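Novice: Before we start, here is the structure in question, set down as structure tokens.
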Amino acid sequence: MSELSFHRLSGDAETRVLAVVGEADIDTEPALARALTAALREPPPPRALTVDCSGLSFCGCAGLNQLLRVRHAAVEAGVSFALADLSPQVARLLDLTGARAVFDVLPKLPTAGQAGPAGHIPSPQRAAGPAAAPDAGPTGMGIGAQVALLTAQIERQTSAGQWALSDADTALARATATRLGAFVGAAAVQEALPGIERLEYLREALAVLAVGTAHTHGQLAWFLGRAAAALSPVLHWRALTADREHALGTIVPTLEEFTDAENAVRRLNIVLAGTTVHGPATEAAPGRLQAASRDL
């Protein structure tokens, strides 16, 4: 069984530093989620939250998903979020997945003697200009994590004013959101369906993204194409049992994988439903996200 521990480091009066030590994988994901949420939410609220990754010997997709989640929550709360002192394995993971461009990364935290009430946390390093997204999701990363990574990158680009959509593209994005919502609705509704219907609707959602990509060019086509690529594993799923000869390389997804894919479609729905000429809705526009959520 993997082990993960946490402890707070002293920073300046407005910076909260959480050191994570051990392995962040599917076994320790719940503990990581609780620790990150507590570090962000416990009063008094910090103006900045930094996760010290120097003791993180392993971080898998489950751990990365939690870091993406708390970054999302921090942005919505107006809290600066950064990763610091990356272990070699975490650095490789961020480079492999393209997530280094999404997170603010501090090269080093102050030593215990330097930190304190008057301690100083160095400014995060940012890539010069918008970072290009990886061409495809990394092997082993779930659909939900890929979509979270994609939407976080979109947030960086729109915050930098790098999106400009025509009225036609804005209308297409919103129409795509409506079609996605028609196939993947509320969780309680989807989860009550038999597996064969859940799979059918996920494939319909993938088709919606593909059709949308075919009807536009430029930035919106790139976004829809990346979203479709993230969802493409559903093409290799099956809902019925079959022997190896007749399975043709397909697999039966778990209930958790169904839910993860459906949540990814819901996230895309919200982002596309809030699209304006300045780009898709993002974590940087919580009002637009909340309004879109009410319409689902």
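The values are calculated or read from the model by the stated rules, or taken from the named source; none is laboratory data. Keep in mind that this is a model prediction, so the values were computed, not measured. Methodologically, a virtual Cβ is constructed for each residue, glycine included, from the backbone with ideal geometry; neighbour enumeration extends over all protein chains shown. The protein model used for the area step is the full one, side chains on, heavy atoms only, and it has no ligands, DNA or RNA in it. Shrake-Rupley method; radii C 1.70, N 1.55, O 1.52, S 1.80 Å.
Novice: Suppose we keep only residues that are in contact with a helix residue (DSSP H, G or I) (Cβ under 8 Å, 6 or more places away or on another chain) and open to solvent by less than 40 Å² (accessible area, probe 1.4 Å) within the stretch 75-90. Which one would you say is farthest from R16 (Cα to Cα)? Steps first, please.
Specialist: The initial filter retains those residues of the stretch 75-90 that are in contact with a helix residue (DSSP H, G or I) (Cβ under 8 Å, 6 or more places away or on another chain), namely 75-77, 79-81, 83, 86.
Still in the list and also open to solvent by less than 40 Å² (accessible area, probe 1.4 Å): 79, 81, 83, 86.
Working: V79: 10, F81: 10, L83: 12, L86: 17 Å.
Result: L86.
Novice: Looking only at the stretch 259-296, count how many residues are aliphatic (A, V, I, L, M) and modelled with pLDDT of 50 or more.
Specialist: In the first step, residues of the stretch 259-296 are kept if they are aliphatic (A, V, I, L, M); the result is 261, 264-265, 268, 270-273, 277, 281, 284-285, 289, 291-292, 296.
Okay, now just the ones that are also modelled with pLDDT of 50 or more, so 261, 264-265, 268, 270-273, 277, 281.
The number of residues fulfilling the criteria is 10.
Novice: On to the next question. Give the number of residues within the stretch 204-242 that are exposed (fewer than 15 other Cβ atoms within 10 Å of the Cβ) and over 20 Å from V271 (Cβ atoms).
Specialist: The number of residues fulfilling the criteria is 5.
Novice: Name the single residue, out of those in the stretch 14-39 being among the charged types (D, E, K, R) and within 18 Å of the chain's Cα centre (by Cα), that is least open to solvent (accessible area, probe 1.4 Å). Spell out the reasoning first.
Specialist: So in the stretch 14-39, the residues among the charged types (D, E, K, R) come out as 14, 16, 23, 25, 27, 29, 34.
Adding the requirement that they be within 18 Å of the chain's Cα centre (by Cα) leaves 25, 29, 34.
On the way: D25: 25, E29: 46, R34: 157 Å².
That would be D25.
Novice: Determine, yes or no, whether G161 is touching a helix residue (DSSP H, G or I) at 6+ places or on another chain (Cβ under 9 Å) and either modelled with pLDDT under 95 or closer than 19 Å to S232 by Cα (or both). Spell out how you get there, then give the answer.
Specialist: On the way: touching a helix residue (DSSP H, G or I) at 6+ places or on another chain (Cβ under 9 Å): no; either modelled with pLDDT under 95 or closer than 19 Å to S232 by Cα (or both): yes.
The answer is no for G161.
Novice: Consider L106 carefully, then state whether it is in contact (Cβ under 8 Å) with a residue 40 or more places away in the chain, in contact with a strand residue (DSSP E or B) (Cβ under 7 Å, 6 or more places away or on another chain) and farther than 21 Å from G144 by Cα. It would help to see each step written out before you state the result.
Specialist: Values: in contact (Cβ under 8 Å) with a residue 40 or more places away in the chain: yes; in contact with a strand residue (DSSP E or B) (Cβ under 7 Å, 6 or more places away or on another chain): yes; farther than 21 Å from G144 by Cα: yes.
Spelling it out, L106 is indeed in contact (Cβ under 8 Å) with a residue 40 or more places away in the chain, in contact with a strand residue (DSSP E or B) (Cβ under 7 Å, 6 or more places away or on another chain) and farther than 21 Å from G144 by Cα.
Novice: What's the number of the only condition in (1) at pLDDT 85 or above; (2) closer than 24 Å to G161 by Cα; (3) of a type outside the set (S, T, Y) that F58 fails to meet?
Specialist: Failed condition: (2).
Novice: What are the pairs with Cβ atoms under 8 angstrom where one residue, in the stretch 236-263, is within 29 Å of G181 (Cα to Cα) and the other, located anywhere, is at pLDDT below 70 and hydroxyl-bearing (S, T, Y)? Sequence gap at least six, or different chains.
Specialist: V252/T241
Novice: What number goes with the only condition from (1) crowded, with 18+ Cβ neighbours inside 10 Å; (2) under 19 Å from the mean Cα position of the chain (by Cα) that A187 does not pass?
Specialist: All conditions pass for A187, except number (1).
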